[in-house]
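S.K.: Below are the structure tokens for one structure; questions will follow.
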Amino acid sequence: MAAHLALPHRIAEISLDWLREATGSHAEFANDPVQSFQSRAVGSGIGQMGEFALIDARLASGASKRLFAKWPAPVDAMTEVARRYRMYEREVRFYQDLAPRIPTRTPDVYFAQYDHDTHRVGLLMEAFDGWRSPDQIAGASLSEIELALDQLISITASLWNSDLDLEWLPTTRTDYMRAAAADYRACSEVFLERYASVLPANGRAMVHTIGNAYEDLSDHLAEGHRVLTHYDYRVENMFVSPDGRELAVVDWQLVQWMRPGWDFAYLLCTNISIDNRRVWFDALSDRYLDGLRDAGISNYTEDEFAHDLRAGLCGLTNIALIGGANADIGNPRSYALFSKIAERAFTAVDDLDALDALP
């Protein structure tokens with residue numbers, strides 16, 4: 001990694017000198033530095049917590065290299081949410097401390113820096129040229145969900161009940177994560193004003209029931225078996241290789257320790273249509289449990305899993321609720337995305353009687 005650099009406030013402010021210095025200590029650029037570059041913004045309405053761009057660089061050798069740049073979100077409300085939950089810091093620390101420990105394809109990182117004084121972040125990473133990212137609004141296909149689920153099994157099993165202690169890696173009992181309860185309740189009315197029309201008939205009651213139980217739920221999710229949880233395990237945070245056989249997972253800014261079930265519930269209950277989830281759910285649940293057993297996890301029962309995914313499902317409604325209440329709904333895709341997440345998540349809470357899992 002490059003020495004500590006003053007971070008440009010926006011991606012558009014990146015200069016050639018800054019880019020050369022930022023990438024210069026990475027082996028790929030040390031003897032073949034950037035000579036020129038162009039950047040273009042991408043991801044409008046897809047990434048909610050960051051500003052994204054593709055940087056097409058020309059190197060001294062004449063070769064070309066495409067980088068993915070990630071900076072803080074240009075929406076003040078979303079940036080404040082990211083700072084409160086230390087998302088930017090966690091993502092940088094994940095790539096530095098955890099990515100090498102898990103059997104998961106993550107992007108090569110050329111520059112990663114978090115500034116504790118300004119809470120600013122800058123990331124330059126592999127761009128996954130030629131790979132594709134499924135559309136969460138349209139809903140992923142069965143083969144895409146199976147690929148994501150098989151990768152999730154590897155992530156879950158890799159650090160099952162690990163005693164790895166990293167001071168920056170929280171649980172849902174960590175103070176700033178437990179603060180989600182107050183945020184959930186504070187954002188409820190704005191969320192309902194924006195999205196009540198897509199919720200089940202009892203959606204308003206579900207919002208208040210979960211909000212009132214959220215402190216206890218946070219404590220509960222920090223108990224039991226402990227696994228590394230991506231937290232935002234959705235298909236737009238994944239890239240599928242051109243041959244459809246490999247999956248890479250990005251956007252680790254919410255990573256934490258938690259009991260199993262959250263990532264599974266989020267994947268199945270917000271990334272596919274409601275009809276498809278109802279048809280595929282049982283078979284995919286069996287695939288997940290069988291995969292964990294094949295990976296050597298023998299002390300986890302079907303009943304435990306059923307409870308954990310329902311508790312996690314209640315908890316993950318906070319992504320729709322807090323994110324949706326703070327999102328730029330003037331961006332049509334952003335509004336459509338949170339509408340789908342809210343509709344699918346709360347309908348699944350209803351379908352699976354998930355409120356019964358609240359402590």
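The values are calculated or read from the model by the stated rules, or taken from the named source; none is laboratory data. In this text, all values refer to a predicted model and were calculated from it rather than measured experimentally. Because the Cβ atoms are built from the backbone with ideal geometry, glycine has one as well, and the counts that use them run over all protein chains shown. Keep in mind that these areas ignore ligands, DNA and RNA; they rest on the heavy atoms of the full protein, side chains included. Shrake-Rupley method; radii C 1.70, N 1.55, O 1.52, S 1.80 Å.
Okay, residues lined up against (1) touching a helix residue (DSSP H, G or I) at 6+ places or on another chain (Cβ under 8 Å); (2) of a type in the set (Ser, Thr, Tyr); (3) closer than 30 Å to Ser241 by Cα:
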site	(1), (2), (3)
Ala157	yes, no, yes
Asp163	no, no, no
Pro170	yes, no, no
Arg173	yes, no, no
Ala179	yes, no, no
Glu193	no, no, no
Pro200	yes, no, no
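S.K.: Right, next: What is the residue count in the stretch 291-325 for residues that are aromatic (Phe, Trp, Tyr) and in a helix (DSSP H, G or I)?
M.R.: So the count comes out to 1.
S.K.: For the stretch 200-223, what are the residues that are open to solvent by less than 60 Å² (accessible area, probe 1.4 Å) and under 16 Å from Met258 (Cβ atoms)?
M.R.: Hits for the stretch 200-223 are Tyr214, Glu215, Leu217, Ser218, Asp219, His220, Leu221, Ala222.
S.K.: Right, another one. I'd like to check which helices (runs of 4 or more DSSP H) are fully inside the stretch 20-133 and have at least 3 residues that are free of Cβ contacts under 8 Å to residues at least 40 places away in the same chain.
M.R.: In the stretch 20-133, 76-84 are the helices (runs of 4 or more DSSP H) which contain 3 or more residues that are free of Cβ contacts under 8 Å to residues at least 40 places away in the same chain.
S.K.: Let me ask something else about it. For Arg333, are the conditions met, namely being basic (Lys, Arg), at pLDDT below 95 and open to solvent by 40 Å² or more (accessible area, probe 1.4 Å)?
M.R.: So Arg333 fits the description; yes.
S.K.: Continuing with the same structure: Among the residues of the stretch 123-135, count how many are open to solvent by 40 Å² or more (accessible area, probe 1.4 Å) and in contact with a Phe, Trp or Tyr (Cβ under 6 Å, 6 or more places away or on another chain).
M.R.: Counting residues in the stretch 123-135 that are open to solvent by 40 Å² or more (accessible area, probe 1.4 Å) and in contact with a Phe, Trp or Tyr (Cβ under 6 Å, 6 or more places away or on another chain) gives 2.
S.K.: Considering only the stretch 58-68, I want to know if a residue exists there that is over 14 Å from Ala127 (Cβ atoms), modelled with pLDDT under 85 and surrounded by fewer than 18 Cβ atoms within 10 Å (Cβ to Cβ). Spell out how you get there, then give the answer.
M.R.: Residues of the stretch 58-68 over 14 Å from Ala127 (Cβ atoms): 58-63.
Narrowing the set further to residues that are modelled with pLDDT under 85 leaves none.
Within the stretch 58-68 (the criterion being over 14 Å from Ala127 (Cβ atoms), modelled with pLDDT under 85 and surrounded by fewer than 18 Cβ atoms within 10 Å (Cβ to Cβ)), the answer is no, since none of the residues qualifies.
S.K.: Further, regarding this structure: Where the second residue is aliphatic (A, V, I, L, M) and assigned to a loop (DSSP other than H, G, I, E, B) and the first is farther than 20 Å from His225 by Cα and modelled with pLDDT of 95 or more and lies in the stretch 250-273, which pairs have Cβ atoms under 6 Å and are six or more apart or on separate chains?
M.R.: Asn271/Ala140; Ile272/Ala140
S.K.: Taking the stretch 136-150, which residues are closer than 15 Å to Thr270 by Cα, of a type in the set (A, V, I, L, M, F, W, C), in a helix (DSSP H, G or I) and open to solvent by less than 50 Å² (accessible area, probe 1.4 Å)? Quick ask: steps written out before the conclusion?
M.R.: Taking the stretch 136-150 and keeping what is closer than 15 Å to Thr270 by Cα, we get 136-142, 144-146, 148-149.
Now narrow it down to the ones that are of a type in the set (A, V, I, L, M, F, W, C): 137-138, 140, 142, 145, 148-149.
Then keep just the ones that are in a helix (DSSP H, G or I); that gives 142, 145, 148-149.
Of everything in the stretch 136-150, those that are closer than 15 Å to Thr270 by Cα, of a type in the set (A, V, I, L, M, F, W, C), in a helix (DSSP H, G or I) and open to solvent by less than 50 Å² (accessible area, probe 1.4 Å) turn out to be Ile145, Ala148, Leu149.
S.K.: Among residues belonging to the stretch 151-169 that are over 20 Å from Asn271 (Cα atoms) and polar (S, T, N, Q), point out the one that is surrounded by the most Cβ atoms within 10 Å (Cβ to Cβ). Before you say what the answer is, go through the steps one by one.
M.R.: First, the residues of the stretch 151-169 that are over 20 Å from Asn271 (Cα atoms): 157-169.
Subsequent filtering for residues that are polar (S, T, N, Q) retains 158, 161-162.
Numbers: Ser158: 15, Asn161: 11, Ser162: 12.
Once the filter is applied, the top-ranked residue is Ser158.
Residues checked against (1) surrounded by fewer than 17 Cβ atoms within 10 Å (Cβ to Cβ); (2) among the basic types (Lys, Arg):
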site	(1), (2)
Glu246	yes, no
Arg259	no, yes
Phe264	no, no
Leu284	no, no
Ala295	yes, no
Asp303	yes, no
Ala306	yes, no
Cys314	no, no
Ile319	no, no
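S.K.: Restricting the stretch 4-35 to residues that are touching an Asp or Glu at 6+ places or on another chain (Cβ under 9 Å) and over 28 Å from Asp76 (Cα atoms), which is surrounded by the fewest Cβ atoms within 10 Å (Cβ to Cβ)?
M.R.: Applying the filter and picking the extreme gives Glu28.
S.K.: Would you check if Ile272 is part of a loop (DSSP other than H, G, I, E, B), of a type outside the set (D, E, K, R) and crowded, with 19+ Cβ neighbours inside 10 Å?
M.R.: Judged against the criteria, Ile272 is a match.
S.K.: A further question follows. In the set Tyr110, Tyr114, Tyr85, Tyr95, which member is aromatic (Phe, Trp, Tyr) and farther than 23 Å from Met177 by Cα? Quick ask: steps written out before the conclusion?
M.R.: Details: Tyr114 fails: farther than 23 Å from Met177 by Cα; Tyr85 fails: farther than 23 Å from Met177 by Cα; Tyr95 fails: farther than 23 Å from Met177 by Cα.
After applying the criteria, what remains is Tyr110.
S.K.: Is it the case that some residue within the stretch 343-354 is surrounded by fewer than 21 Cβ atoms within 10 Å (Cβ to Cβ), under 18 Å from the mean Cα position of the chain (by Cα), part of a helix (DSSP H, G or I) and not small (Gly, Ala, Ser)?
M.R.: If we filter the stretch 343-354 for residues that are surrounded by fewer than 21 Cβ atoms within 10 Å (Cβ to Cβ), which is where we start, we get 343, 347, 350-353.
Pick out the ones that are also under 18 Å from the mean Cα position of the chain (by Cα) and you get none.
Within the stretch 343-354, none of the residues are surrounded by fewer than 21 Cβ atoms within 10 Å (Cβ to Cβ), under 18 Å from the mean Cα position of the chain (by Cα), part of a helix (DSSP H, G or I) and not small (Gly, Ala, Ser).
S.K.: Cβ-Cβ below 8 Å, separation at least six or inter-chain, first residue in the stretch 136-159 and closer than 11 Å to Leu284 by Cα, second polar (S, T, N, Q) and open to solvent by 20 Å² or more (accessible area, probe 1.4 Å): which pairs?
M.R.: Leu142/Asn276
S.K.: If I filter the stretch 188-199 for residues that are among the aliphatic types (A, V, I, L, M), open to solvent by less than 60 Å² (accessible area, probe 1.4 Å), touching a Pro at 6+ places or on another chain (Cβ under 9 Å) and touching a residue at least 60 places away in the same chain (Cβ under 8 Å), do I get at least one hit?
M.R.: Taking every residue of the stretch 188-199 in turn, none turns out to be among the aliphatic types (A, V, I, L, M), open to solvent by less than 60 Å² (accessible area, probe 1.4 Å), touching a Pro at 6+ places or on another chain (Cβ under 9 Å) and touching a residue at least 60 places away in the same chain (Cβ under 8 Å).
S.K.: Here is a further query. So in the stretch 85-122, with the set limited to residues that are within 19 Å of His9 (Cα to Cα) and surrounded by fewer than 18 Cβ atoms within 10 Å (Cβ to Cβ), which one is farthest from the chain's Cα centre (by Cα)?
M.R.: Out of the qualifying residues, it is Asp117.
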